[in-house]
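The values are calculated or read from the model by the stated rules, or taken from the named source; none is laboratory data. These figures come from a predicted structure and were not determined experimentally. As a convention, Cβ positions derive from the backbone with ideal geometry for all residues, glycine included, and neighbour counts pool all protein chains shown. Surface areas here come from the heavy atoms of the whole protein model, side chains and all, with no ligands, DNA or RNA. Shrake-Rupley method; radii C 1.70, N 1.55, O 1.52, S 1.80 Å.
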Amino acid sequence: MRKLVFGILILAAGWSSCKTNDGKTSLPIFGSRKAVTKTVNGQSVTDTVYQTIPKFSLVNQYGDSISNKNLDGKIYVADFFFTTCPSICPMMARNLLTVYNTFKSKDDFKILSHSIDPKHDSVPVLKKYADKLGVSGNTWWFVQGKKEDVYTIAEKNYLVAVKQDSTAAGGYVHQGYFVLVDKQKRVRGAYDGTDPKQVDQLITDIKTLQAEPDQK
Amino acid sequence: MMAIRYPKSIVAALGLSIVISLFFSCENNNSLELKRYYSEGAAIYQTHCLNCHAADGSGLLALIPALNDSTFLKNNKASLACAIRYGLKRPIKINGKAYDENMPAANLAPMEIAQVITYMNNSFGNQLGMVTMDEVEADLKSCK
């Protein structure tokens, strides 16, 4: 009986979250925001400025430099992993492969997997890892950079949605989240990368995002 | 006193039926034991193996091997316990493909290792029967 009630609750939660998405056909925007008043053509206009992913500089599995500019005009999923991680990373890779296979033909879609162990995860190690996952081309980049930089951007920018939702202190970087970023580099969602149901929701949300007018 | 003499055929039938029933009760005990090991092993698999080897034992492409290579499991029966207990640091060939990533050690007791091997040996298309705790304890003594 308890299971049944629980199931109904989950269904209800799923239904209501779907409904919100369907109703608005848009996703929430996470992070801080501020109102900025500018003077345009003699008129004062107030605009909302959202938090965006700041500049970064990384190297991908091909040894190419990847900066924030390479993600201009792209919808992308960011995550944090390391190649020798025995616990949740294979699960995340398995789930992220589903996302990859769904969207790999889209020019404006990317996946950015950040290594949090750059000492071990050199360019050749990342390349080998990508090869073993059957990942080729330029849709899914496995990147590494300075460890502090990756941690900072993870905690201060990518994982803002997780921080807002969680009361737990720290450690978000290790929890296997997939973060959805839009073409304006605003965070639009965070999903538990070890949970196939949340990953299905991510795929649905990417489609919702692609349909937004300013994401075309 | 006069001995009662039963016809030979009845004695033979009785004897045979005792032997048969003993055989079956034995087998029932064995299969019950296997089922117990199997269900305990399934829970251990979920906690310690599933993240990497997947719920259906399919592994992860060229990164993590599948657990459905019955020939490998049979040929390496005596070293499975060591691989689980102490991890695996040498390349192996599964289903004809080479795998060279390290497998981390799982700190499991001999009984748990026996149960999880029994689970693996009878899942994912394998039908290799059970491995007992005694066998695991013996195997663990000769780990390389």
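The table that follows gives values for the structure above.
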quantity	calculated
Qualifying residue in region B:42-63 (condition: open to solvent by less than 60 Å² (accessible area, probe 1.4 Å), over 23 Å from A:Thr194 (Cα atoms) and more than 14 Å from every other protein chain (Cβ to nearest Cβ))	no
Those residues of region A:48-83 which are free of Cβ contacts under 8 Å to residues at least 24 places away in the same chain and in contact with a Ser or Thr (Cβ under 8 Å, 6 or more places away or on another chain), in sequence order	A:Lys55, A:Ser65, A:Ser67
Any hit, region A:138-157, residues being among the aromatic types (Phe, Trp, Tyr), surrounded by 14 or more Cβ atoms within 10 Å (Cβ to Cβ) and within 14 Å of another protein chain (Cβ to nearest Cβ)	yes
Identity of the residue in region A:118-130, charged (D, E, K, R) and open to solvent by 40 Å² or more (accessible area, probe 1.4 Å), that ends up farthest from the other protein chains (Cβ to nearest Cβ)	A:Lys119
Candidates A:Thr48, A:Thr84, filtered to the one that is surrounded by fewer than 16 Cβ atoms within 10 Å (Cβ to Cβ), within 14 Å of chain B (Cβ to nearest Cβ) and at pLDDT below 95	A:Thr84
Index of the failed condition, A:Val40 passing every other in (1) surrounded by fewer than 10 Cβ atoms within 10 Å (Cβ to Cβ); (2) within 22 Å of A:His114 (Cβ to Cβ); (3) aliphatic (A, V, I, L, M)	(2)
Residue that is farthest from B:Asn122 (Cα to Cα) [pool: residues in region B:64-101 that are among the hydroxyl-bearing types (Ser, Thr, Tyr) and more than 13 Å from every other protein chain (Cβ to nearest Cβ)]	B:Tyr86
Pairs with Cβ under 8 Å, 6+ apart, first in region A:98-116 and part of a loop (DSSP other than H, G, I, E, B), second open to solvent by 70 Å² or more (accessible area, probe 1.4 Å)	A:Ile116/A:Lys147; A:Ile116/A:His174
Check on B:Cys143, in a loop (DSSP other than H, G, I, E, B), more than 30 Å from A:Leu96 (Cα to Cα), away from chain A (no Cβ under 14 Å) and over 12 Å from the mean Cα position of the chain (by Cα)	yes
Residue list for region B:75-114, restricted to those being among the small types (Gly, Ala, Ser), part of a helix (DSSP H, G or I) and touching a helix residue (DSSP H, G or I) at 6+ places or on another chain (Cβ under 6 Å)	B:Ala78, B:Ala81, B:Ala114
Residue in region A:144-155 that is under 25 Å from A:Ser105 (Cβ atoms), at pLDDT 95 or above and not aromatic (Phe, Trp, Tyr) present	no
Test: residue in region B:57-79 that is without any contact (Cβ under 8 Å) to a residue 24 or more places away in the chain and of a type in the set (Lys, Arg)	no
Test: residue in region A:98-110 that is open to solvent by less than 20 Å² (accessible area, probe 1.4 Å), within 14 Å of another protein chain (Cβ to nearest Cβ) and more than 14 Å from the chain's Cα centre (by Cα)	no
